[in-house]
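Below is one structure, written out as structure tokens; the observations come after it.
What follows draws every value from the coordinates through simple rules; no lab data is involved. Treat the numbers as computed from the prediction; the structure is a model and nothing was measured. Glycine also receives a Cβ, built like all others from the backbone with ideal geometry; neighbour counts cover every protein chain displayed.
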Amino acid sequence: MTQVNDFYAQMLDSQRRAAEQRVETRAALLSDLRALGVASIEVEYEGYGDSGNVEDVVVTPDTITLTDELRRRVEDFGWDFAY
């Protein structure tokens, strides 16, 4: 019975750490995106069953182009959030 409780505690701890990391990642992304003048960003995620993927990132205003690295960070955040 101890193993079940240990597993559950480990799972809760892992979820807590992941939530804390998302808060930190979001703050860093907001700072970087605002510095570029991004007013809003939309991450389009499509999923069904146990699979899914980020399909597109829409930036407003559309005159702003994200670097490949920043776009990857935004996509990763969108995937982590949806997951």
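Before moving on, here are some points about what is shown:
- Burial order of peptide ranges 76-82, 64-70 (average beta-carbon count within 10 Å, highest first): 76-82, 64-70
- For the chain, the longest principal axis of the C-alpha atoms and the axis of helix 2-36 are separated by about 10°.
- Using C-alpha pairs under 8 Å with a sequence gap of at least 6, the mean separation divided by the residue count of the stretch 2-82 gives a relative contact order of 27 percent.
- Sorting 29-37, 42-50 by their mean Cβ neighbour count within 10 Å, with the most densely packed peptide first, gives 29-37, 42-50.
- Residue-span extension gain [Phe7 to Asp50] - 0.36 nm each, minus C-alpha spacing: 13.2 nm
- Cα Rg, Dmax, the stretch 2-82, angstrom units: 16.1, 57
- Helix 68-82 axis, angle to the chain major axis (alpha carbon atoms, nearest 10°): 40
- Using Cβ point charges alone (K and R +1, D and E -1), the dipole size of the chain about the Cα centre works out to roughly 360 debye.
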